[in-house]
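Undergrad: This is the structure I have questions about; it appears just below.
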Amino acid sequence: MATNVERGTMNYSMERAEPGLPSESAKKLAKGLGWFSIGLGLAELLAPRAIASISGVSKERTGLIRLYGLREIAAGITIFAQEKPTEGVWSRVAGDALDLTSLGLAATNPSAKKGRIAFATANVLAVTALDVMCAMQLSGNGTRGIHAKGSCVVNRAPEDVYAFWRNFQNLPRFMRHVESVEDLGDGRSHWKVKGPAGMDVEWDATIVADVPNEVITWRSLENSDVDNAGAVRFERAPGGRGTIVKVNLEYNPTAGALGAMVAKLFGEEPEQQLDDDLRRFKQVMEVGEVVVSDATLFGTGYMTQRPAQPAASSELEQAEMLPSQTATNYGTEEALPQGRAAGRSTL
Amino acid sequence: MRAHCWYGKTITSVQEVPDPQILNQRDAIVKISSTAICGSDLHLYNGFIPTMQRGDILGHEFMGEVVEVGREVHNLKVGDRVVVPFPIACGNCFFCKQEMFSLCENSNPNAWMAEKMFGHAPAGIFGYSHLTGGYAGGQAEYARVPFADVGPIKVPSTLSDEQVLFLSDIFPTGWMGAEMCDIKPGDTIAIWGCGPVGQFSIRSAFLLGAERVIAIDEIPERLQMAEQGGAETINYAEQNVYEALMDKTGGRGPDACIDDVGMEAHAPGIIHAYDRVKQAMMLETDRPHALREAIMCCRNGGTVSVIGVYGGFMDKFPIGSLMNRSITIKTGQAHVQRYMRPLLERIENGDIDPSFVVTHRMSLEDAPLGYDIFKNKKDNCIKIVLKPDWTGNGNGTVH
């Protein structure tokens, strides 16, 4: 159930920034393997006795070798027929396993030429390694796109939570890396993100889908430096326990050095960053501002922790996510009921 | 300001550090008049809690005078005398709404660290490692108190610091340990550990209606204090605890058992050596002797209340005894905010005077000495109160 919901969300968000798009190098490798398949397949089909001789297998096995040739050709055709040849390459991996098994069985035959079988096995193993590498690159959406998903429960109604998020200018209040989001009207927005060494990355984005109190998805416009998309879904938690917020983010850095920089920015632990952002989102929604401790003035990572002792004023000036930047306007109806709960113990 | 900082296993020092400032709008700054050393501080001191960093200010039991309040603190004003609870709690989240304040979802910015260790994160705590938020502690001249509109309780000037200071932790903690036993008239409660929290569990168990309380320890002065509180005692160095308890209860076992010891339990002989070695080699983080024994001794269908602090993992946990005999386990860091007001009333009406537990008073400047005395149970020490404005003489150990 949950998976379906997520897939639905992904469809909204990934209109252009397709996570599954394979990288150029993986595609090239797949094509090479496709030609290799067809070449080897033709050789096995047309000259099975020569193949048997090279690999040290009994010449009585020509029927089986011809069958394997057909399998190779089929795999090759599959690779060329698909835009994303994942299945073709995986079928090659399965074929490699079959080849290795056959060679292993052949080696047990007393008349087998052990040296040649060993040579053939080494070759198949080398190709298997290539096949597996290529197939994994094609299968994972990870070689290019950086994907993060996360969720949290907010003790507020979906209407409140949606309204806060829908005003994109609120996002920098809990997203550590986002410096500002400017509303350009017509569902368009301009994003400015803090990069390493004080460099900012900017792009324009547009809302793809917007169902009040349920879902918002957005993606960057064509020719952005950072091709990215996001989706947030709001579900009413059972029993009146607020709102379950589910977020998917996708970054496809495309433009050279800048892209690499952004990959680094978002790449190390993207889900951890998203979790931290969602924790701050929950704090802003539930207590009105981001909650800071002495140790986390510069972030919650291991490397950014400072000692749990007060910071000097000069150090505080450098701190990020201070409440002065994140607080909601108190005193409005937004503010939550506060105050000490009345004692309700056994006393 | 002066503050007691951690620099490594058993290495602490009182240092000059910047004064705290209001960072969140619901903060208050408190000028500390009294602060105590807690048994759980020794787990930090002895290096058993991960994620400590050099320079961390220790201490989570403190009280004092409000000297500054944030824009959104409306219930306190400058000059109020308050006791501060050790868990930091927002009052707005799912758990705070259920008065499970030590599970607050919003007060621990380092929740991810705790999630890696515990699966889910507990609330932030003052001066108790980065795992619980990385907040400066209260063994200092001043402290920043987040969510000051939820936590601190105002105390009347008619009561002394030592009568109310322990509302910050050990009185509510000892109380919750007893409350979790769901005590019925006629019940016998066995309590492992006669340190400060154990002493409050003993007295709380009686206040909650226990017929008999049997307290277990090996330190003579602690057993003596337990007896003054009305408990029968077992010295585990001299007697087999299981046999002594069965003897006292006709073989049935106590109705409920409280573990007021936690992760650094001591036990006689080979069992202790076994767990001590495993802990030293990181094969287990917690020495489980008290908890194992409490489970084995508890009567069928009884309750084991775990209020002593554990940090990680343990070995040889008697799950078979627990399961086959319908035993209930209840646990938790004390939800202090839930108990402060009603327990203050208990103090005001004379049901209990928590100052009985104090054996040592000294200057904040002598905190490192205090840790050494407390850890090694020197000088009949049970509870140390530190005072930033101490005017006593010598090294300040007056009792």
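The values are calculated or read from the model by the stated rules, or taken from the named source; none is laboratory data. Owing to the predicted nature of the structure, the values given are computational and were not obtained by experimental measurement. Positions of Cβ are generated from backbone atoms using ideal geometry, with glycine treated the same way; all protein chains shown enter the neighbour counts.
Undergrad: For segment B:112-124, what are the residues that are outside any loop (DSSP other than H, G, I, E, B) and either surrounded by 24 or more Cβ atoms within 10 Å (Cβ to Cβ) or not assigned by TED's automatic domain parsing to the domain that holds residue B:157 (or both)?
TA: Within segment B:112-124, B:124 is the sole residue that qualifies.
Undergrad: Scanning for something within 14 Å of chain A (Cβ to nearest Cβ), of a type outside the set (A, V, I, L, M) and out of contact with any Ser or Thr (no Cβ under 9 Å at 6 or more places or on another chain), does segment B:349-368 turn up at least one residue?
TA: yes
Undergrad: Now, a different point. Which condition from (1) under 20 Å from the mean Cα position of the chain (by Cα); (2) under 26 Å from residue A:285 (Cα atoms) is the one that residue A:224 breaks?
TA: (2)
Undergrad: Let me ask you something else. Out of all the residues in segment B:122-173, which are more than 8 Å from every other protein chain (Cβ to nearest Cβ), of a type in the set (Gly, Ala, Ser) and closer than 17 Å to residue B:384 by Cβ?
TA: Across segment B:122-173, the qualifying residues are B:138, B:140, B:160, B:168.
Undergrad: Which of the residues belonging to segment B:85-102 are in contact (Cβ under 8 Å) with a residue 24 or more places away in the chain, at the interface with another protein chain (Cβ under 9 Å from one of its Cβ atoms) and assigned to a helix (DSSP H, G or I)?
TA: Once the filter is applied, which keeps residues that are in contact (Cβ under 8 Å) with a residue 24 or more places away in the chain, at the interface with another protein chain (Cβ under 9 Å from one of its Cβ atoms) and assigned to a helix (DSSP H, G or I), segment B:85-102 yields B:96, B:101.
Undergrad: With over 23 Å from residue B:160 (Cα atoms), surrounded by fewer than 20 Cβ atoms within 10 Å (Cβ to Cβ) and within 18 Å of the chain's Cα centre (by Cα) as the only criterion, which of B:377, B:316 stands out?
TA: On inspection, the qualifying residue turns out to be B:377.
Undergrad: Which residue, of B:20, B:109, is free of Cβ contacts under 8 Å to residues at least 40 places away in the same chain and either within 8 Å of another protein chain (Cβ to nearest Cβ) or in a helix (DSSP H, G or I) (or both)?
TA: B:109
Undergrad: Check whether at least one residue in segment B:54-70 is within 14 Å of chain A (Cβ to nearest Cβ), touching a Leu at 6+ places or on another chain (Cβ under 7 Å) and of a type in the set (Val, Ile, Thr), and report yes or no.
TA: Yes, that holds for at least one residue.
Undergrad: What residue, among those in segment A:300-316 that are exposed (fewer than 15 other Cβ atoms within 10 Å of the Cβ) and within 20 Å of residue A:278 (Cβ to Cβ), is nearest to the other protein chains (Cβ to nearest Cβ)?
TA: A:302
Undergrad: Restricting attention to segment B:208-249, which residues are farther than 19 Å from residue B:358 by Cα and basic (Lys, Arg)?
TA: B:212, B:248
Undergrad: Of the numbered conditions (1) under 20 Å from the mean Cα position of the chain (by Cα); (2) surrounded by 20 or more Cβ atoms within 10 Å (Cβ to Cβ), residue B:295 fails exactly one; give the number of that condition.
TA: Here residue B:295 meets the rest and fails (1).
Undergrad: Still on this structure, I have one more. Please work out if residue A:319 is surrounded by fewer than 19 Cβ atoms within 10 Å (Cβ to Cβ), away from every other protein chain (no Cβ under 11 Å) and modelled with pLDDT under 90.
TA: In short, no.
Undergrad: Sticking with this one: Considering segment A:277-299 alone, what residues qualify as being assigned to a helix (DSSP H, G or I) and facing another protein chain (nearest Cβ under 7 Å)?
TA: Hits for segment A:277-299 are A:279, A:282, A:283, A:286, A:287, A:294, A:295, A:296.
Undergrad: If a residue counts only when it is within 23 Å of residue B:211 (Cα to Cα) and assigned by TED's automatic domain parsing to the domain that holds residue B:194, which helices (runs of 4 or more DSSP H) contained entirely in segment B:231-304 have at least 1 such residues?
TA: On the way: elements: B:241-248, B:269-280, B:289-297.
Counting at least 1 such residues, we get B:241-248, B:289-297.
Undergrad: Out of B:29, B:37, which single residue is within 19 Å of residue A:296 (Cα to Cα) and surrounded by 22 or more Cβ atoms within 10 Å (Cβ to Cβ)? Working first, answer last.
TA: Numbers: B:37 fails: within 19 Å of residue A:296 (Cα to Cα).
Checking each option against the conditions leaves just B:29.
Undergrad: Does residue B:262 satisfy being in contact with a strand residue (DSSP E or B) (Cβ under 6 Å, 6 or more places away or on another chain), at pLDDT 75 or above and within 22 Å of residue B:194 (Cα to Cα)?
TA: no
Undergrad: Say whether the condition of being facing chain A (nearest Cβ under 10 Å), surrounded by 24 or more Cβ atoms within 10 Å (Cβ to Cβ), assigned to a loop (DSSP other than H, G, I, E, B) and touching a residue at least 12 places away in the same chain (Cβ under 8 Å) is met by at least one residue in segment B:73-83.
TA: no
Undergrad: If you scan segment B:346-383, which residues turn out to be under 20 Å from residue B:164 (Cβ atoms), touching a residue at least 24 places away in the same chain (Cβ under 8 Å) and either outside the structural domain of residue B:141 (by TED's automatic domain parsing) or not hydrophobic (A, V, I, L, M, F, W, C) (or both)?
TA: Start the filter on segment B:346-383 by keeping residues that are under 20 Å from residue B:164 (Cβ atoms), which leaves B:346-362, B:364, B:382-383.
Checking the rest, the ones that are also touching a residue at least 24 places away in the same chain (Cβ under 8 Å) come to B:346-348, B:351-362, B:364, B:382-383.
Selection gives B:346, B:348, B:351, B:353, B:354, B:355, B:359, B:360, B:361, B:383.
Undergrad: Can you name every residue in segment A:197-218 that is in a strand (DSSP E or B) and under 25 Å from residue A:160 (Cβ atoms)?
TA: Listed by number, the residues that qualify are A:205, A:206, A:207, A:208, A:209, A:210, A:211, A:215, A:216, A:217, A:218.
Undergrad: Look through B:40, B:34 and report the one residue that is touching a helix residue (DSSP H, G or I) at 6+ places or on another chain (Cβ under 9 Å), within 23 Å of residue B:164 (Cβ to Cβ) and assigned to a helix (DSSP H, G or I).
TA: Step by step, each of B:40, B:34 is checked, and only B:40 is touching a helix residue (DSSP H, G or I) at 6+ places or on another chain (Cβ under 9 Å), within 23 Å of residue B:164 (Cβ to Cβ) and assigned to a helix (DSSP H, G or I).
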